[in-house]
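First the structure, in the form of structure tokens, and then the observations on it.
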Amino acid sequence: MGGANKVKNKLGATVYLRRNLGKTMPLIGVIILAVMLIAGIVSLINSIPLSIKTIYSYSRNYVAVTPRGNALLTPLLRKSIEQGSPVEIDRLMVIRGTDIEVKSIVGNWPFVVLGLEQSDMDYYLKRMKAKVLDGRKPAVGEPEVMISEKLARNLNLKLGSVIQKPTDSDNYSPQEVKVVGIAESEFWFAFGSVEYQRENHFPPIDALLVFAKNPTDQKRLDDWTTATLKGENARVFTYKELEIQADTMFNILYQILNVVIGTLVVVITLMMGMLMNIFLSQRVQEFGLLQALGYTKRSLIMRVFWETTVFVIGGWVLGVLVAWGLLNVVKVTLMDPRSFALDTLDKWAYLYSLPVPIAIFAVSILTVFAKFKNFDPVGVVERRLV
Amino acid sequence: MIDLKSVSLIYQDHGKEVFACKDIDLGVQPGEFLGILGPSGSGKSSLLYVMSGLKVPTKGSVEWLSRELGKMGDQERAEIRLREFGFVFQYPFLIGYLTALENVLLAFPAEDRRADAEKFLIELGLQDQMHRYPYQMSGGQKQRVCVARALLGSPKVVFADEPTASLDHKSGRAVMDLLIQNRGDGALVVVTHDPVMLEGADRIIRMEDGEIAPKNA
Ligand SMILES: Nc1ncnc2c1ncn2[C@@H]1O[C@H](COP(=O)(O)OP(=O)(O)O)[C@@H](O)[C@H]1O
Ligand SMILES: [Mg+2]
């Protein structure tokens, strides 16, 4: 590097910051804490809808239809789907379902144990991109289930564990239903023998799972089914509907979050603004001297501009790194063991923390402009000011 | 080199006009040592700041090399102060978080004069202070660093406003000697209330109530 750079280093943006750590460290500390707090809160709150979408993401692979009001309608629904579908249907399963509960950081959510025909089980696994890790598929008519590894972790189940039993009203079955197989998959699922469910569970309603031949057509099939069966005696379950529910369910929570974060930003900015003001006032002598020596106001304002830029960007980057680090610790120690979803790279969480450095930057630049507006360096070197 | 024509500087003090300088005609010749003597409040500092473009006169004109300072923009005046002038003030103003050497280098924000500055500080007998911070130096040492800052780069005029007032006599003398001996071809304008400090001046004018007293010493 040439000489010019060396000179820039002398009064570079970091000299003041580096040599006045007693002043700059607490300020950077506040930015780090604020960024960390905001990014942390937002990603933890975002993890709730993310969890819901993750838990029910299996529904991306098919559209489920149940009759309403009349259990005998299923064959008719089946017929109208088979005849009218705009995309090629690869398989249409007639199934049963019973309820269990899964855990999330905001309490329990209902989940379904499907009752499948033996002939549908392999196909189901294939469409869930699942690989059997351990055990086997449920046998005909037996109180047995195969579950995905994520569900197993969530409910702390192993081969041989009981997933439903007569004494548990939330996870009820008249016999003890045992886990006989665990499969690796990005999706959460549980299925048992449809014969067992027909024999033991109420109400006796057959539901339909409809798989598009081409997975990329599934959304079209979903939309068509939703539109076609609208107003019929049927209920249609699609991923899209779930997504909308998950996103709107927390509207009020998000509004509260916005108010909290807005308040936090205002409070922190006011506090930082006052501190910056004090520190800049302490430098009036420096700026007066330099101006008297022949530095222009512009160059001094630019100096503060660069110092502040380095300072707020540095603080924000450090804050993001610390937040990311802590979120990873939370994810590994608290979330992963129960398959709770948490996105440690949630871009919204980090974007939400941006108002902190931006507001602090704006306040310091405004302060500097206000200070320089009617600034007389002679007042400084004559010691009339200061 | 510097020409003041009927220069007045008026301050408003509680609605009352105060003439800090009143109708002053004065020139500074290249290379001369000009002393400005006068009691406190007589307008010496005001005159110095008007001459050096730090203040714009209320009336009259100040020309630097035949160009009127008052008609230039702030930026251009600042440029002249930075390149052509050197300043020493009453208090030894140094930036607290920079070493003596770095403070001296402030005179050259755009160029690398580190080697020159080191050489110059050694020449001025300030090698021991070079890497010290202001809080590690005495008042006299600091003021000598300020002199080095003013003289680095051989400015055409060095302005010193009571450079010895905040120092004891011995340190004051040392500062004055440093200024006088190292100014090279540059003119030196020194404001003081202490005639002893103007020993060796080419010319001394006396200020009284904002005016130049009729008989010059
Ligand atoms: N900023 C100012 N506002 C009002 N009056 C001032 C100001 N600066 C100087 N004066 C007045 O101008 C006169 C000359 O001041 P100054 O030039 O500082 O004198 P000296 O340097 O000889 O002590 C004094 O009466 C002083 O009170
Ligand atoms: Mg004075």
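Taking the criterion of being within 25 Å of A:V106 (Cα to Cα) and either at pLDDT below 90 or open to solvent by 30 Å² or more (accessible area, probe 1.4 Å) (or both), the residues of the stretch A:1-44 that qualify are A:M36, A:L37, A:I41, A:L44.
Against the test of being at pLDDT below 95 and within 14 Å of another protein chain (Cβ to nearest Cβ), the options B:G53, B:G15, B:G38 yield a single qualifying residue, B:G53. In the stretch A:306-386, counting only helices (runs of 4 or more DSSP H) that sit wholly within it, the ones holding 1 or more residues that are within 16 Å of ligand 1 (Cβ to nearest atom) and either β-branched (V, I, T) or more than 14 Å from every other protein chain (Cβ to nearest Cβ) (or both) span A:377-381. Mind listing just one residue for me: the one in the stretch A:276-297 that is polar (S, T, N, Q) and not in a helix (DSSP H, G or I) and, of those, farthest from the other protein chains (Cβ to nearest Cβ)? By that ranking, first place goes to A:Q282.
Looking at A:S169, A:S161, just one residue is at pLDDT below 95, within 34 Å of the chain's Cα centre (by Cα) and closer than 21 Å to A:T98 by Cα, and that residue is A:S169. Just to be sure, is A:W188 in a loop (DSSP other than H, G, I, E, B) and modelled with pLDDT of 90 or more? Yes: the conditions hold for A:W188.
The values are calculated or read from the model by the stated rules, or taken from the named source; none is laboratory data. Here the structure is a predicted model, which is why all the values come from computation and not from measurement. Don't worry about glycine lacking a Cβ; one is built from the backbone with ideal geometry, like all the others, and counts go over all protein chains shown. These accessible areas exclude ligands, DNA and RNA; they are computed on the full protein's heavy atoms, side chains included. Shrake-Rupley method; radii C 1.70, N 1.55, O 1.52, S 1.80 Å.
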